[in-house]
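Nothing in this text is a laboratory measurement; each read-out follows from the coordinates by a stated rule. None of these values were measured; they are calculated from a predicted model. No Cβ is skipped: glycine too gets one built from the backbone with ideal geometry, and neighbour counts run over all protein chains shown.
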Amino acid sequence: METAVVEHKYEILVIYNGVTKPLAVESHQQVQAVLQHAIHLFGITQNQHLLSLFREDGTVVPEDQSVAAAGIRPGERLALRPNAVKGG
């Protein structure tokens with residue numbers, strides 16, 4: 001029986017305003033923490049609370065889960081952009 005090896009630390013790609021940057025994540029990390037790292041990676045200082053990570057299909061990545069639980073895979077491309085729902 002073959003078991004899938006899931007790396008605990010790997011790189012994803014975060015896209016913000018057309019710029020793509022690599023970001024190292026760990027499978028046990030909370031998505032909220034990854035979001036904060038991405039915001040700092042791009043030096044965003046305004047309206048941070050409105051930003052979310054989105055998959056290529058446009059669905060938002062749930063922030064209350066771990067990277068592994070949210071299904072974020074090595075090399076995955078996530079867009080960092082404002083979330084209309086958070087704007088409330």
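Summary table
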item: Share antiparallel - DSSP beta bridges, segment 9-87, percent rounded to 5; result: 80
item: C-alpha long axis of helix 31-41 to longest principal axis of the chain, angle in °; result: 60
item: Per-residue ³J(HN,Hα) for segment 56-66, Karplus 6.51 cos²θ - 1.76 cosθ + 1.60, θ = phi - 60°, Hz, x for Gly and Pro; result: 5, 7, x, 7, 7, 7, x, 7, 8, 10, 7
item: Residues of segment 48-68 with amide N under 12 Å of a point placed 7 Å along Cα→Cβ from residue 83; result: 49-55, 59-65
item: For the chain: Kirkwood Rh in Å [reciprocal of mean 1/r, alpha carbons]; result: 13.3
item: Built amide H within the under 5 Å cut-off of residue 65, gap 5+; result: 31, 32
